[in-house]
Amino acid sequence: MCGIVGYVGPRNAVSVIIGGLKRLEYRGYDSAGIAVVRDGRLMRRRTAGKLRHLEDSLRVDPIEGVFGIGHTRWATHGRPSEENAHPHQDCTGRIVVVHNGIIENYLDLKRLLLERNHRIETQTDTEVIAHLVEEQYQGSLLESVRNTLPKLKGVYALALLHVGEPQRLIAARMGPPMVVGLGDHENFLASDIPALLPYTKDFIFLDDGELAEITPDSARLFDRHGHETTRTPQRIAWDPIQVEKGGYRHFMLKEIHEQPQAARDTLVGRIDLEAGDVNLEELGPAIEGLRTAERVVIVACGTSWHAALVGKFLLERLAKIPTETDYGSEFRYREPLVGPSTLAIAISQSGETADTLAAFREAKARGALPVAVCNVRGSMLTREAAGTLLTHAGPEIGVASTKAFTSQIIAMLLIALHAARLRGTLERNTLRALLAGLTRIPSLMDQTLGLDNRIDALSRTLAHAKDFLFIGRGIHYPIALEGALKLKEISYAHAEGYPAGEMKHGPIALIDESVPVVALCPAGRVFEKMVSNVQEVKARGGRVIALVTAGDSTLASVLDGTDDAIIEIPPSEELLSPLLFVVPQQLLAYHVALRAGRDVDQPRNLAKSVTVE
Ligand code: M6R
């Protein structure tokens, strides 16, 4: 939530910062602002609404600077207005700050500052930081920021400048991410790597409690006591092209279509078909947990939580390990029974979701062995884990998660299959068959994506529906949840995912011709049961969109309504079929949202990375 970009160097700071903010807009998009300095003069520009409003304003009345900071906001304190947009400044107008996070004690600090005659102009929690730094300032911004940090309660990633300290930026981190990008006679700050990919591939990730000072020729890190620390920069192989739309109308559509490649990249080098095994050496010593853990706890949020539910199913079915899942936001508050014999897996695309991190830390504190499944190398989650299995989905920009989800399921399949091998819970032939099936998934995904036009046409008849029900059983229950989440977050239609067998215990009351029911009916163990549930819907005059395995003819005899639809998905092993059945649901959400005129990549009220609890 909230994106920060900072620049010092020979380029025009305004274009570097605005370009970086564009690549970070997925983090927050209710207001934006920039402050740059030139010839000792500060120029600040802020606007409510999307970044394009700021760009329009800069086009009409340009500003220039040689160093500066910028911000896209996801409002927490104070409505999204020009006045509340960052950057904020102190009473002298010489100290400027942008912030991602929440200052929990800001009301107390504000009261004290007002008593000391500071002029506070916004409703934000951030502005107090500028005034506190002002009080500490004695010629060194670095020192004054360091002395201010102990007064702040809460979480923050900060970037600051002082007009009187040319070509110098200070950053600090406690919680939300902050990276330093290293250039040649230029340096950068950002909330996330994509912002800086056109300029550098070399990054230093700030740790909690650390500060950074960047000038064009230096990037120095300090701990909270002011001692300089060193860190080897990490080289990030992501291509700048990956963070462009590449001819697609939206990032979400591009990312849906990138799933075969993301799946290939997540599998590559990890499957040994000859030996019938999975190579997960990258987990390091954590791998022992797959052999010995008495139970597994998986924590995650949102779409990643749906991947966790699939993971539970796989670990129990294949490796026979008792597994439970919990929302990151719930785990800590229920005194979880977790100990040294527990393997705690956190699943997160970003690796910076505050609730997931907090749950992971709780599990660690209770003695569990912490393992991460994550898409961002170097993120907080990966640094706190004893071992990480990276999903190689590449950068995901659309707020609605798609390719990260299927890559997470692949990662959980690899973990479950390897655990099964270590524990001897699966026949070698079954293991081999599943591994071989996995290698076929990317091309089956390609085939499934061929349904795009069909789903687009179907969406025409669904665009005005206000309520949807998604039903599935077994491993497809979380896929139904995911279908509903995708649809609601980007189309704003009300959509509920339900275990199909539970429908008759309540939700069936909702069924009539105006509530489309998306039923996941893959071939396999629960197919007949799903057919019965579909019949229950039809008996009540409901409209069904059935997703079936290609070749099935049973549903065709049940669904005779002109509004009903049958979507055929290429056949695969039952346990792998979620990877395919989720694809038409993503496309359905996309096309329905598009027809409803929604902002698909940046839906209202949401942000890509939720770094507050
Ligand atoms: O980065 P994470 O995977 O930890 O994010 C978790 C959720 O915030 C995320 O999946 C969210 O639910 C997406 N908007 C879903 O599309």
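Just the residues that are modelled with pLDDT under 95 and out of contact with any Cys (no Cβ under 6 Å at 6 or more places or on another chain), please, taken from segment 341-356.
Across segment 341-356, the qualifying residues are S350, E352, A354.
Take the residues of segment 483-505 that are within 16 Å of the ligand (Cβ to nearest atom) and not small (G, A, S): which is nearest to R540 (Cα to Cα)?
E496
Identify the single condition in (1) crowded, with 18+ Cβ neighbours inside 10 Å; (2) more than 16 Å from the ligand (Cβ to nearest atom) that R432 does not satisfy, given that it satisfies every other one.
Single failed check for R432: (1).
In segment 561-572, is there at least one residue being touching a residue at least 60 places away in the same chain (Cβ under 8 Å), touching a helix residue (DSSP H, G or I) at 6+ places or on another chain (Cβ under 9 Å) and farther than 23 Å from H306 by Cβ?
Yes - at least one qualifying residue is present in segment 561-572.
With the requirement that a residue be without any contact (Cβ under 8 Å) to a residue 40 or more places away in the chain, farther than 12 Å from L132 by Cα and of a type in the set (A, V, I, L, M, F, W, C), what does segment 84-122 give you?
Passing the criteria: only L107.
For G49, state whether it is under 25 Å from E613 (Cα atoms) and either touching a strand residue (DSSP E or B) at 6+ places or on another chain (Cβ under 7 Å) or not assigned by TED's automatic domain parsing to the domain that holds W238 (or both). Give the derivation first.
Details: under 25 Å from E613 (Cα atoms): yes; either touching a strand residue (DSSP E or B) at 6+ places or on another chain (Cβ under 7 Å) or not assigned by TED's automatic domain parsing to the domain that holds W238 (or both): yes.
Here the answer is yes, as G49 does meet what is asked.
For T92, indicate whether it is hydroxyl-bearing (S, T, Y), crowded, with 16+ Cβ neighbours inside 10 Å and not in a helix (DSSP H, G or I). If you could, list the steps in order and put the result at the bottom.
Details: hydroxyl-bearing (S, T, Y): yes; crowded, with 16+ Cβ neighbours inside 10 Å: no; not in a helix (DSSP H, G or I): yes.
So T92 fails the test.
For (1) of a type in the set (A, V, I, L, M, F, W, C); (2) farther than 27 Å from E489 by Cβ, each residue gets a yes or a no:
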residue	(1), (2)
P322	no, yes
P340	no, yes
Q349	no, no
A368	yes, yes
N375	no, no
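With respect to I508, determine if the residue is away from the ligand (no atom under 16 Å from the Cβ), within 16 Å of Q535 (Cα to Cα) and outside any helix (DSSP H, G or I). It would help to see each step written out before you state the result.
Details: away from the ligand (no atom under 16 Å from the Cβ): yes; within 16 Å of Q535 (Cα to Cα): yes; outside any helix (DSSP H, G or I): no.
When the stated conditions are applied, I508 does not pass them.
Looking only at segment 319-337, filter to residues that are within 13 Å of the ligand (Cβ to nearest atom) and of a type outside the set (F, W, Y); which one of those is most open to solvent (accessible area, probe 1.4 Å)? Steps first, answer last, please.
Kept after step one, since they are within 13 Å of the ligand (Cβ to nearest atom), are these residues of segment 319-337: 327-329.
This time we only want the ones that are of a type outside the set (F, W, Y), so: 328-329.
Details: G328: 0, S329: 47 Å².
Going through the qualifying residues, I end up with S329.
Inspect segment 267-275 for any residue being over 24 Å from the mean Cα position of the chain (by Cα), under 30 Å from L152 (Cβ atoms) and in a strand (DSSP E or B) and give the result as yes or no.
No.
What about T353, is it in the same structural domain as E288 (by TED's automatic domain parsing), surrounded by 24 or more Cβ atoms within 10 Å (Cβ to Cβ), within 12 Å of the ligand (Cβ to nearest atom) and polar (S, T, N, Q)?
yes
With the structure loaded, tell me whether T425 is within 16 Å of the ligand (Cβ to nearest atom) and either over 16 Å from T266 (Cβ atoms) or open to solvent by less than 10 Å² (accessible area, probe 1.4 Å) (or both) or whether it fails that test.
When the stated conditions are applied, T425 does not pass them.
Assess whether E316 counts as being more than 16 Å from the ligand (Cβ to nearest atom) and open to solvent by 30 Å² or more (accessible area, probe 1.4 Å).
yes
I want to confirm something. Restricting to segment 299-313 and keeping residues that are among the β-branched types (V, I, T) and under 17 Å from the mean Cα position of the chain (by Cα), which single residue is nearest to the ligand (Cβ to nearest atom)?
T303
Using the structure shown, decide if I397 is within 16 Å of the ligand (Cβ to nearest atom) and farther than 15 Å from L267 by Cβ.
yes
Name the one entry in I471, I479, I490 that is under 24 Å from S577 (Cα atoms), among the β-branched types (V, I, T), within 26 Å of the chain's Cα centre (by Cα) and not in a strand (DSSP E or B). Walk me through it before giving the result.
On the way: I471 fails: not in a strand (DSSP E or B); I490 fails: under 24 Å from S577 (Cα atoms).
Of the residues listed, the single one that is under 24 Å from S577 (Cα atoms), among the β-branched types (V, I, T), within 26 Å of the chain's Cα centre (by Cα) and not in a strand (DSSP E or B) is I479.
Take the residues in segment 358-372 that are part of a helix (DSSP H, G or I) and buried (at least 23 other Cβ atoms within 10 Å of the Cβ); name whichever of them is farthest from the ligand (Cβ to nearest atom).
Taking segment 358-372 as the starting set, the residues that turn out to be part of a helix (DSSP H, G or I) are 358-365.
Those left that are additionally buried (at least 23 other Cβ atoms within 10 Å of the Cβ): 359-360, 363.
Values: A359: 11, F360: 11, A363: 15 Å.
Top of the filtered list is A363.
A385: more than 17 Å from the chain's Cα centre (by Cα), touching a residue at least 24 places away in the same chain (Cβ under 8 Å) and within 15 Å of the ligand (Cβ to nearest atom), yes or no?
Spelling it out, A385 is indeed more than 17 Å from the chain's Cα centre (by Cα), touching a residue at least 24 places away in the same chain (Cβ under 8 Å) and within 15 Å of the ligand (Cβ to nearest atom).
Looking for something farther than 18 Å from A404 by Cα and within 16 Å of the ligand (Cβ to nearest atom) - is there at least one such residue anywhere in segment 338-345?
yes
Does A159 fit the bill of being in a strand (DSSP E or B) and either out of contact with any helix residue (DSSP H, G or I) (no Cβ under 6 Å at 6 or more places or on another chain) or outside the structural domain of A359 (by TED's automatic domain parsing) (or both)?
Details: in a strand (DSSP E or B): yes; either out of contact with any helix residue (DSSP H, G or I) (no Cβ under 6 Å at 6 or more places or on another chain) or outside the structural domain of A359 (by TED's automatic domain parsing) (or both): yes.
It is true that A159 is in a strand (DSSP E or B) and either out of contact with any helix residue (DSSP H, G or I) (no Cβ under 6 Å at 6 or more places or on another chain) or outside the structural domain of A359 (by TED's automatic domain parsing) (or both).
The values are calculated or read from the model by the stated rules, or taken from the named source; none is laboratory data. Bear in mind that the values here come from a model prediction, so they are computed numbers and not experimental data. Counting neighbours? That spans all protein chains shown, and the Cβs are built from the backbone with ideal geometry, glycine included. Ligands, DNA and RNA are excluded from the accessible area calculation, which covers all protein heavy atoms including side chains. Shrake-Rupley method; radii C 1.70, N 1.55, O 1.52, S 1.80 Å.
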